[in-house]
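Structure, as structure tokens:
The values are calculated or read from the model by the stated rules, or taken from the named source; none is laboratory data. All values derive from a computational prediction rather than experimental measurement. Glycine also receives a Cβ, built like all others from the backbone with ideal geometry; neighbour counts cover every protein chain displayed.
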Amino acid sequence: MSLAIGFSPCPNDTFMFHALVTGAVEGPALAPWLADIEALNERAISGEDPLPATKMSVHALAHACGRYVAIGAGAALGRGCGPLLVSRPGLLPTEPRAALRRLAGLRVAIPGRYTTAQLLLRSLAPPPRETVQLRFEAILPAVAAGRVDAGLIIHESRFTYAAHGLVEVADLGALWEAETGLPLPLGVIAVERARGEALARALEEGIRRSIAAAWADPQASAAYVRAHAQELDAEVCRRHIALYVNEFSRELGEEGRAAIEALIDRGRAAGLLPPGPSVW
């Protein structure tokens, strides 16, 4: 029987999961449910028809850790990979903290209320005058057209915002790294607690084999990656994968686990996240 699992159509996830999904490496047989990260977050948090295993933002994990535990492979976590705040030239100051303070009077697009990007924004800036939730690929056009004043961008949008005539005004990941000295934890693969540790470990090992196979032969997954990518440019896909699929994806390790715990602990201490059990 196949294991239903959710992950995003973004290049990093399809690159990581291709070998496991196609049976090219040993591991649990998977029945993928591909969806935008916020759709995965909302499905996990709502508890309505929950997936036994799913990618989710670390922000969402803090809301769903009563049902799910994170595993040590498949994460999106690292340095220099954080969400960016972008706007039209001249609208906001170029100094990041000053730009964030100005958001109180502006209309800002976000990629989802449970994304890690949104948790960071809430922790670093005053509430915007209005928040508009859009799918991540719709944010850049909305900012460029003036429908919103600024946009919080994730995924491959960080490589394409300049083509829309926009400028970066704050790198939230860089601010996190400067404050904590830790890499930024964006998302994890999580498994329902009720499924047991044996399944979690089997999936973890399967993902590690799948990542190793993808690194060994990047072209093997190329068609699968391009079939699902929002941004079809091959160079953008390559840069996206190189940034988001790293050693933390293969193994969180002590530093990766510490980063996840720090983000959740800080969010709980600030009243931005609910109390809950350990995410492990």
Quiz item: Of all the residues that make up segment 217-242, how many are of a type in the set (Gly, Ala, Ser), surrounded by fewer than 16 Cβ atoms within 10 Å (Cβ to Cβ) and modelled with pLDDT under 90?
Solution: 1
Self-check item: Test set (1) out of contact with any helix residue (DSSP H, G or I) (no Cβ under 8 Å at 6 or more places or on another chain); (2) basic (Lys, Arg); (3) surrounded by 15 or more Cβ atoms within 10 Å (Cβ to Cβ) - Arg193 fails condition number
Solution: (3)
Quiz item: Counting only residues that are buried (at least 24 other Cβ atoms within 10 Å of the Cβ) and either assigned to a loop (DSSP other than H, G, I, E, B) or of a type outside the set (A, V, I, L, M) (or both), how many does segment 74-84 have?
Solution: 3
Quiz item: For Leu186, are the conditions met, namely being over 16 Å from Leu272 (Cβ atoms) and crowded, with 17+ Cβ neighbours inside 10 Å?
Solution: yes
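If we scan segment 220-233, do we find a residue that is basic (Lys, Arg) and in contact with a Gly (Cβ under 9 Å, 6 or more places away or on another chain)? Before you say what the answer is, go through the steps one by one.
Step one: list which residues in segment 220-233 are basic (Lys, Arg), which gives 226.
If we keep only those that are in contact with a Gly (Cβ under 9 Å, 6 or more places away or on another chain) as well, we get none.
No.
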Self-check item: Of residues in segment 23-44 being within 21 Å of Gln219 (Cβ to Cβ) and without any contact (Cβ under 8 Å) to a residue 40 or more places away in the chain, the one surrounded by the most Cβ atoms within 10 Å (Cβ to Cβ)
Solution: Pro32
Quiz item: Taking helices (runs of 4 or more DSSP H) that fall entirely within segment 85-174, which contain at least 2 residues that are in contact (Cβ under 8 Å) with a residue 40 or more places away in the chain and small (Gly, Ala, Ser)?
Solution: 116-124
Quiz item: Does segment 122-144 contain any residue that is within 17 Å of the chain's Cα centre (by Cα), of a type in the set (Gly, Ala, Ser) and in the same structural domain as Gly206 (by TED's automatic domain parsing)?
Solution: no
Quiz item: Filtering segment 255-278 down to residues that are without any contact (Cβ under 8 Å) to a residue 12 or more places away in the chain and not in a loop (DSSP other than H, G, I, E, B), which residue is surrounded by the fewest Cβ atoms within 10 Å (Cβ to Cβ)?
Solution: Ala269
Quiz item: Does segment 187-204 contain at least one residue that is more than 17 Å from the chain's Cα centre (by Cα), assigned by TED's automatic domain parsing to the domain that holds Gly47 and part of a strand (DSSP E or B)?
Solution: yes
